[in-house]
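Note sheet for the following structure.
The values are calculated or read from the model by the stated rules, or taken from the named source; none is laboratory data. Please read all numbers here as calculations on a predicted model, not as lab measurements. Note: ideal-geometry Cβ built from the backbone for every residue, glycine included; neighbour counts use all protein chains shown. Areas reflect the complete protein model, heavy atoms only, side chains present, ligands, DNA and RNA absent. Shrake-Rupley method; radii C 1.70, N 1.55, O 1.52, S 1.80 Å.
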Amino acid sequence: MNGIGIQTLKYRIKNGSRAVRRWVVPYAQSRIYASKFRPVLGYLYTEWKCNIDCHYCWAYDNTKKGMSIETAKKSVDWLKSTGCRVLALMGGEPLIRRSFILELVEYATNQGLFVYLPTNGRLLTEEFIDKIGKTGIAAINLAIDCVKEIEGLPKALEHIEPQFEYLVKQQEKYGYIIVLNINITSKNLADVKELTEIAHEYGIATDYHINEAPYMEQPHYKHKDTDTYIREEHWESVDQVLDWVIERCRMGYPMVNVIEHLEDMKKFMRGQAVDWKCRAGHNSVFIKADGTLSPCFPLSNANKDWGNISEGFRLDHDELKEQKKECTPHCLSTCQYNVSHVYQLGTRALMWAFKHARMGGRIAHA
């Protein structure tokens, strides 16, 4: 079989099939029922708390309780009723409550959902990796910003090397995808390249974000003046790193980001307008820890009643369109950008699924 073992072949077929059933089919249905709310992607904010303190991160709040398992399961049921088949867990650090995550992921996968789990990896153990693998988890997004810890950037590979090795080792056995999630800041530019090459060596995908300040006021955030933010004196160096990443993408390194997104990061960090058609609230939805809804995470603090999982999403298309004129210039979300990119041209969804299968289940650029 040209060097491809039976287990690897089964892994590729499984992930290619899952990509079509959980992404492409719901996407096609969203185009058919374009006037209705048909999310392709659902975000579930299960946990406010985190076990580390990244200075750029304004998402977590250790004073708040996380989502109850009852709300989580009702959220899965509601998403399924809307036609959504992809569930991305969010935090905080979701593995603060590992037993909760195991129960939730098993419930969601039994309902036929593609479940994506982000984690900084500190709370991973071999036992947990085996347990989460057996639940049918589809993707594990491992957030690592540097190889050796840098002040303000504690998500370092050096702290989780044994877990990382075991996670990769068990990948084909359980059929999940691994993505290395890297936040590009002013302080880790050399590490971005090194982590990219490490991911390539291990045959796993990478996912890049450009460091963003909070769009709305976050009273609990204590690092508002962090030196991780990208400022004018960093632009040229960040450009060089992005050009390097784009070159690797063209060479065939598996990446979540499309090239257009990486190019747009250069404009975004300079405060220039980026023309992208955000689909948040149309083809994605954010479920907060109490079961209330929002179009996306950055708008979750907005003084607006968007509905809840019991009553549904109160979507006013005109109002949301006006809101996006204000918020889109301050946001360049990787997931939302990709949803927008694929949504604009139907053949991109099919191309993405094909690459997903051909590249061994690793997430490919469309």
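Kindly evaluate Ser300 against the criterion of being at pLDDT below 85 and over 21 Å from Arg250 (Cβ atoms). Yes: the conditions hold for Ser300. Taken over the range 295-333, the criterion of being part of a loop (DSSP other than H, G, I, E, B) and crowded, with 17+ Cβ neighbours inside 10 Å is satisfied by Pro295, Cys296, Phe297, Pro298, Leu299, Ser300, Trp306, Ile309, Cys331, Leu332, Ser333.
For the range 157-190, a residue qualifies if it is open to solvent by less than 20 Å² (accessible area, probe 1.4 Å) and within 22 Å of Thr109 (Cα to Cα), and the qualifying residues are Leu167, Gln170, Gln171, Gly175, Tyr176, Ile177, Ile178, Val179. Checking each residue of the range 130-143 against the condition of being among the aliphatic types (A, V, I, L, M) and within 18 Å of His55 (Cβ to Cβ) gives at least one match. If the condition is being closer than 28 Å to Phe37 by Cβ and modelled with pLDDT of 95 or more, then the range 89-99 contributes Leu89, Pro94. Asn211: crowded, with 17+ Cβ neighbours inside 10 Å and within 23 Å of Thr328 (Cα to Cα), yes or no? Taking the combined requirement at face value, the residue satisfies it.
Just one of the listed residues (Val256, Val285, Val241) is open to solvent by less than 30 Å² (accessible area, probe 1.4 Å) and free of Cβ contacts under 8 Å to residues at least 60 places away in the same chain, and it is Val241.
Can you tell me which residue within the range 259-282, out of those that are touching a strand residue (DSSP E or B) at 6+ places or on another chain (Cβ under 7 Å) and closer than 15 Å to Thr328 by Cβ, is least open to solvent (accessible area, probe 1.4 Å)? Filtering the range 259-282 for residues that are touching a strand residue (DSSP E or B) at 6+ places or on another chain (Cβ under 7 Å) and closer than 15 Å to Thr328 by Cβ, the one least open to solvent (accessible area, probe 1.4 Å) comes out as Met265.
Listed here are the residues, each with its yes/no results for (1) touching a Cys at 6+ places or on another chain (Cβ under 7 Å); (2) of a type outside the set (Gly, Ala, Ser).
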| site | (1), (2) |
| --- | --- |
| Gly112 | no, no |
| Thr119 | no, yes |
| Asn141 | no, yes |
| Ala156 | yes, no |
| Ile198 | no, yes |
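Of the residues in the range 119-131, not one is of a type in the set (A, V, I, L, M) and crowded, with 23+ Cβ neighbours inside 10 Å. When restricted to residues that are in a loop (DSSP other than H, G, I, E, B) and under 22 Å from the mean Cα position of the chain (by Cα), the range 243-259 contains 6. Would you call Arg31 over 28 Å from Glu212 (Cα atoms), open to solvent by less than 40 Å² (accessible area, probe 1.4 Å) and modelled with pLDDT under 85? Considered against the rule, which asks whether it is over 28 Å from Glu212 (Cα atoms), open to solvent by less than 40 Å² (accessible area, probe 1.4 Å) and modelled with pLDDT under 85, Arg31 comes out as no. Just one of (1) open to solvent by 20 Å² or more (accessible area, probe 1.4 Å); (2) among the acidic types (Asp, Glu); (3) more than 23 Å from Val40 (Cα to Cα) fails for Glu106. It is (3). Where the second residue is basic (Lys, Arg) and the first is under 16 Å from Ile52 (Cα atoms) and lies in the range 95-120, which pairs have Cβ atoms under 7 Å and are six or more apart or on separate chains? These pairs meet every condition: Ile96/Lys49; Asn120/Lys155.
Among all residues of the range 68-83, there is none that is open to solvent by 20 Å² or more (accessible area, probe 1.4 Å), within 25 Å of Leu180 (Cα to Cα), of a type outside the set (Phe, Trp, Tyr) and modelled with pLDDT of 95 or more. When the residues of the range 68-95 are filtered to those that are over 23 Å from Asn283 (Cβ atoms) and assigned to a loop (DSSP other than H, G, I, E, B), the one that is farthest from the chain's Cα centre (by Cα) is Ser68.
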